[in-house]
Amino acid sequence: MNLHMTDEQSALVAAVQEILRDHSDLPQSARLHSHWYNETLQRLLVENGYLDVGRQIGSLEAALVVIEAAKAPVVAEVAASSLLAAQLLPDENLEGPIAIVSGDHLTRAHRNLSIARHAFIDLGEDVAVVPVWADNVELVPSILAYPFGRFIRPPELRTARRLPSKGAELRKWWRVAVAAEAAGAAQAAVTCTLNHVKQRNVFGHPVAAFQTVQHRMVQCHMVATALYYLSLRAAATGLPYDADVAACYAQQHVKKLVVDLHQFCGAMGVTNEFELHLWTYRLRALQTEAGGLVESALDVVTRRWGHG
Amino acid sequence: MEFDWTPEQIQYREHVRAALRELLPPDWDQVYVPQSYGSDAAIEFSRAFCAELAKRGLLVPHWPREYGGNGADDWQHFILGEEMKAAGEPRGPQYMNVNWIGPTLMRFGSEEQRRQHLLAIASGRVIWCQGFSEPGAGTDLAALKTRAENRGDHYIINGSKIWTSYARKADWCFVLARTGAGRKDVSVFLLPMSTPGIKVTSFPGLIKDGHLNEVFFTDVVAPVSARLGEEGTAWKIIKYALSYERVGVARYHAGLEALDHAIEVLKRENRFDDPVLQARAGVIVSKFEAARLLTYRVVDQRVQGTSDTTDANLCRIAALDAVEDFMDFLIQYVPDCLAGGDVLLEDYYRINIPAGITGGTNELQLDLVAARGLGMPRRT
């Protein structure tokens, strides 16, 4: 047990942060958008090998990259390309961005589908890997802070490439990815709100000076911190129990993070110009993925105590 | 980063478990655990049990060799603490000795105090109690009224302490007393409970026997040599001691063990097959696991020598969140656990009733993290 990053891990995080620092700002034209997908950042992450970290170094390091990317105001697709693809297709460099799609709900809007080159489709027992063609996806406007898209015609699954018996593996790493993205988004949302409440004065005091605000901010900070370690543990061990626990913890706390942090930012927080929504509405998007809270909680129970 | 235990740590945990299997009597769960670790019976048991642990090097493994330890790292101490807590804390009040009283004496004690107390603690035969809270001073310790008047070569102590766990059976008391007019003019004294002028009474309450005591000090004579550190330096000492106390109790481990037991009960009674109950249990597990990792982070900081943060306070907040959820779960799904239904679950529930109060209230932990951890300003 050692919860300090190695020198190599620290160097990796610092290098990712440097790229993100240079490419995280929303362009002026996108200041009022619900999200901004930065294609240049995506390309740079690929070209510099950061989306191959899961394959080349390990899943823990891939999760560290996911967490850092999730702190950025702009969107890049990192989790599926670096964490999931490395586990499902260890010997292949599948072109990203990659969307993860539930086979039971093919016609719904899916996160990252509008920017995706490929999709993993969860078919229960198996996983289908399908190319995504731009002319077969329509953009779905949403306040959820990711690009969302919907298949115009559902992909042909009968002839699609299949990864037999990989469904459970996909869902496990999907949960790790959800937890890691939530950890990064939660940390960024807490930092954003903390800056606001320290600067904004009400009734002659900074908002941060009120004890009721302080206590709830600390609870949000605690959630974000715990989530960071839970997601990294899940990535490091690859154990289904750890993945379920991390996703369960993330998804049960989305409400608290979104409600409290927006409350403290007041009316400013409901405008797109204020950046908070870029992270809180990512959390909302993650809240129901990979089965959502109830399924992750039930899976924790099954793994710990078996059925009935 | 490494989230797995090393082979040596796994082996050590097995070694501790084997010692527990060997040393605990067959009726431990039925007789001692229900009475709780603060009861007179458990305290008396702890004297023999801890002495045996000491002989096997399992009482203070993380202490330096000169004080009876093995110089092991804090991970061994925490593995030991997890297993002891999960077994119902057979060390009784002596968990406190090894967690924070000993380390505090090592840091602030005179050579004579260290020689006198540390080897005694390491032998497993001495019981301490903590004379902090008073009727008018709990979390706000600076409001305490017990006074130690400096008479040159000795002090005269008058006042009273309350909520003093284990006081009935304790050999020594770690006492806070006012030694000046200023709010923070407070000193620490190490007093034998047999000192003339010290009297203990007990009263009933919601939590288990042994915890609700009042200690009265009437013209108690304490030599200057009984003072720990310089006069008026109690806050520095207490801050150090509490940073150990806040992560010293493995609440996540004991909570998960108790939850495992509750699920066994529910399965036995064919009441486990309820998805609402199961989803709640899953959420509680995840909260205990969160508290576990936050605690491990603090242990890791200690091992690396980087700890002086509010992360220990954060552990308490996370653990309490899980404990409170689980207590509510127990009443919801094992409703007779407080009415003779299951002695182990009743013990868990009742021991944890003051979990958000002892060692500084949850609100104080939140205040400390807000101010020192997040840099949030105080209202002026």
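The values are calculated or read from the model by the stated rules, or taken from the named source; none is laboratory data. Remember, predicted model here, so these are calculated numbers, not experimental data. Note that we place each Cβ from the backbone using ideal geometry, even for glycine, and neighbour counts take in every protein chain shown.
Does A:Leu227 satisfy the condition of being in contact with a Phe, Trp or Tyr (Cβ under 8 Å, 6 or more places away or on another chain), closer than 30 Å to A:Lys172 by Cα and facing chain B (nearest Cβ under 10 Å)? Answer is yes for this residue.
Only one of the numbered conditions (1) closer than 20 Å to B:Val334 by Cβ; (2) not assigned by TED's automatic domain parsing to the domain that holds B:Pro335 is violated by B:Arg227, and that is (1). Within region A:9-41, the set of residues being within 30 Å of B:Ile79 (Cα to Cα) and free of Cβ contacts under 8 Å to residues at least 12 places away in the same chain comprises just one member, A:Ser10. The residue of region A:290-305 that is farthest from the other protein chains (Cβ to nearest Cβ), among those that are touching a residue at least 24 places away in the same chain (Cβ under 8 Å) and surrounded by 21 or more Cβ atoms within 10 Å (Cβ to Cβ), is A:Ala290.
Among the residues of region A:258-289, the one identified as more than 14 Å from every other protein chain (Cβ to nearest Cβ), in contact with a Cys (Cβ under 7 Å, 6 or more places away or on another chain) and aliphatic (A, V, I, L, M) is A:Leu276. Residues in region A:16-59 that are within 21 Å of A:Ala145 (Cα to Cα) and in a loop (DSSP other than H, G, I, E, B): A:Ser24, A:Asp25, A:Leu26, A:Pro27, A:Arg31, A:Leu32, A:His33, A:Ser34, A:His35, A:Trp36, A:Asn38. As for region B:7-16, it holds at least one residue that is more than 14 Å from every other protein chain (Cβ to nearest Cβ) and either surrounded by 13 or more Cβ atoms within 10 Å (Cβ to Cβ) or not in a helix (DSSP H, G or I) (or both). In this structure, does B:Glu214 turn out to be at pLDDT 90 or above, under 25 Å from B:Leu191 (Cβ atoms), more than 9 Å from chain A (Cβ to nearest Cβ) and outside any strand (DSSP E or B)? No. Among the residues of region B:265-274, those that are over 15 Å from B:Asp336 (Cβ atoms) and either more than 9 Å from every other protein chain (Cβ to nearest Cβ) or surrounded by 13 or more Cβ atoms within 10 Å (Cβ to Cβ) (or both) comprise B:Lys267, B:Phe272, B:Asp274.
Checked against the criterion of being at pLDDT 95 or above and within 14 Å of another protein chain (Cβ to nearest Cβ), the candidates B:Gly356, B:Gly375, B:Gly305 yield just one match: B:Gly375.
Looking across region B:21-37, the residues that are outside any helix (DSSP H, G or I) and either farther than 22 Å from B:Gly341 by Cβ or touching a strand residue (DSSP E or B) at 6+ places or on another chain (Cβ under 9 Å) (or both) come down to B:Leu24, B:Pro25, B:Pro26.
Say whether the condition of being surrounded by 24 or more Cβ atoms within 10 Å (Cβ to Cβ), within 22 Å of the chain's Cα centre (by Cα) and within 14 Å of another protein chain (Cβ to nearest Cβ) is met by at least one residue in region B:342-353.
no
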